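Since the structure comes first, as structure tokens, the remarks are kept for the end.
The values are calculated or read from the model by the stated rules, or taken from the named source; none is laboratory data. Because the structure is predicted, anything quoted here is derived from the model rather than measured. Here the Cβ is made from the backbone with ideal geometry for all residues, glycine too, and neighbour counts use every protein chain on show. These accessible areas exclude ligands, DNA and RNA; they are computed on the full protein's heavy atoms, side chains included. Shrake-Rupley method; radii C 1.70, N 1.55, O 1.52, S 1.80 Å.
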Amino acid sequence: MDRPEPPHIPCNRQVHNNPISLSLSLYSPSIRNPNLLFSSLSKNPNFPQKDPSIHGELRLRRAFDDDLRLRLPKPGRRRLPVPLRSGLRPDAVKTFVVHLYRHIREKNVYEIHQMYEGSFQRLSERMFKESPWPSTEAVAPYVDNDHVFCLLYKEMWFRHLYARGNQRAESWDNYCSLFGVVLHGVVNMQLPNQWLWDMVDEFVYQFQSHCQYRAKLKNKSEEEMQLLRQYDQAWNVYGVLNYLQALMEKSQIIQILEREKEGLEQFTANDGYDYNGGSNVLKVLGYYSMVGLLRVHCLLGDYQTGLKCLAPIDISQQGLYTIIIGSYITTIYHYGFANLMLRRYTEAISEFNKVLLYILKTKQYHQKSPQFDQILKKNEQMYALLAICLSLCPQVKLVEENVNTQLREKYGEKMSRMQRYDDEAFALYDELFSYACPKFITPSAPIYEEPIVNYNQDAYRLQLKLFLHEVKQQQLLSGVRNYLKLYSTISLGKLATYMEVDESTLRVILMTYKHKMHAVNSSGKIISNADVDFYINEDIVHVMDTKPIKRYGDYFMLQTLKFEEIIGELDGVKVE
């Protein structure tokens, strides 16, 4: 289904082609006012005002007058700025920030997205691969010292720097300022969904990274220890959860999604954008904050709460979370993992199957994306989690043929060995879980008065222990399942003889099977994960027929689609 294009809401000013006249018209004093990006900030009296001086404006005019290579995209012509030579580093940065600032003021979402996804990545790779971007103070004069734009620029600046340096406390302060403006002001701008998702995603990632860093106390210098003591409230778990929760509540996104079900809203149909001149920032941040809350609670091991936070989003339907591939993968990965840990295996299998099939069909289109390596990594992790789910609950009928083929190529041999009740199978469960699980965190700050030890693996070891304990309880069940598949009725005594246990022990095993193959879903109902069901009547085990109905129509449709793909490829072949 084709989605509507992000809105281009032009400003009322005339856009000139001549770069000199452009500099005089876009940045004339009549336009310079503190309401360019926000219509009201009355709720935040501490919001800093603009510098009334015109020095920044004069410098900007000179830069435009001297740089005749500058060409801004004309309205309706969707192209990026002319590439700059690598030797013109200051001009390239000035051009980038001035263009970006102008497009944000005009609410030109398409051009903002092009600059954010294209120009910023290329300039980072070409000029700032080993160094940070120019500071906010250096670029502020070229964007009229706009406080809000500087916060947005600084968010990108820290994200680029974070993998290369240790600016954790300053990055936390910037996120607090940025989210504070969004929460306490009336935002009057539109940003691409990709940027808004990246804000939430990076916010949670930096929280996770800081917790891991803080938990590795050994080999830290005295200066690092002092910084940890000094900024002990930076990336506090309560602060992170409070910001995500506040964004969700202030945006009223839950009420918006409820009204959408009644046909009173077009939030998803419009991809979250406001075509009436409003802002999408708070609503979309609130939407993605629900995914962020799921992720944080999974990192803390609180799977039930994480799924409750995501409950307003209907996972069975397309939504804003499926538009951005990073959001889609992150959502389903953590949603599936949480269901796995809660023994809701069929739900996890169904969702892993959908996203793996999506990646299988579309990954060639993301090869040039900076997130491509992360996509491939999550793809491999979800195959490992799917292998675990199918080993504990063999519901292969829920998996598409193409996904099942890939799964058997990757883990077919290991899955057959995981069906056995021995130490080797137990070790394979350990291996796959350790590879595919999230990087769990311990959110509490260290006690510096106690002996210094690393505790970054404590949360992981606890979750691994709980998972393997569950596996240990279920390993006996594979033998029961295999025997029940062979019979429609069998006496308890005969089955006990086959399994080499007494009848009382067999009854415990059968009750365990019933318990482990059922779970409680998010609405409180008991659901079955069993591929083989049974009941006992007068010491006779009656196996219920659960053979799936063969769906011949699906098979012929699949083969027809494959045939059409082959015909399409042949049509593209030029025969000389």
Exercise for the section: On the full set of protein chains, 1.4 Å probe, figure out the accessible area of Y498 and give it in Å² to the nearest 10. Expected result: 90 Å²
Handout entry: Ranked packing of 454-462, 271-279, most packed first, by mean Cβ within 10 Å
Key = 271-279, 454-462
Exercise for the section: Using a 1.4 Å probe and ignoring any ligands, DNA or RNA, find the accessible area of E450 and quote it in Å² to the nearest 10. Expected result: 100 Å²
Problem - Rounded to the nearest 10 Å², the accessible area of R159 at probe 1.4 Å - result: 50 Å²
Handout entry: Karplus (6.51, -1.76, 1.60) ³J(HN,Hα), θ = phi - 60°, over the stretch 409-414, in Hz, Gly and Pro reported as x
Key = 5, 7, 10, x, 5, 5
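Taking the inverse of the average 1/r across all pairs of different Cα atoms in the stretch 257-328, what Kirkwood radius in Å do you get?
Details: mean 1/r = 0.0763 Å⁻¹.
So the Kirkwood estimate lands at 13.1 Å.
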Completion exercise
Of 105-111, 421-427, ordering from highest average Cβ density within 10 Å down gives 105-111, 421-427
Completion exercise
For Y231 and K129, extending 7 Å from Cα along the Cα-Cβ vector and measuring point to point gives, in nm, a value of 2.8 nm
Problem - Pair T512, E401: separation of 7 Å Cα→Cβ label points (nm) - result: 3.9 nm
Exercise for the section: For I566, put the label point 7 Å out on the Cα→Cβ axis and report which residues of the stretch 350-384 keep their amide N under 17 Å from it. Expected result: none
Practice task
Search the structure for amide H atoms under 5 Å from the amide H of H518, placed 1.01 Å from N in the peptide plane, and list their residues when 5 or more places away or on another chain.
Solution key: N529
